[in-house]
Amino acid sequence: MKPVESRPARADVTLLDRQQAFGYTQEDLYLLTFPMAVTGQEATGSMGTDTPISALCRRSRSCFTPTSSRTSRR
């Protein structure tokens, strides 16, 4: 297998555009990402999900949002 060459980073896409494309919110950045960058420790976030059911949600869920299976909690 031949090595893959890296492509140069796109200059026309802002950091905010990339964050929005991958579903990051301001809450994710301020409560999880920034504390990890400053302290070098894992941030303590919620262990559960408070996501409303789809019928009540204004925004669709990102395909990058981790899902959980209720059968795995047994």
Quick test of your reading of the structure: residue 72 fulfils all but one of (1) open to solvent by 80 Å² or more (accessible area, probe 1.4 Å); (2) at pLDDT below 70; (3) outside any helix (DSSP H, G or I). Name the failing condition by number.
(3)
If I filter segment 16-27 for residues that are among the hydroxyl-bearing types (Ser, Thr, Tyr) and surrounded by fewer than 12 Cβ atoms within 10 Å (Cβ to Cβ), do I get at least one hit?
no
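The values are calculated or read from the model by the stated rules, or taken from the named source; none is laboratory data. This one's a predicted model, so the numbers in the text were calculated from it and none came from an experiment. All Cβ positions, glycine included, derive from the backbone under ideal geometry; neighbour counts span all protein chains shown. In case anyone asks, the SASA skips ligands and DNA or RNA and just uses the protein heavy atoms, side chains included. Shrake-Rupley method; radii C 1.70, N 1.55, O 1.52, S 1.80 Å.
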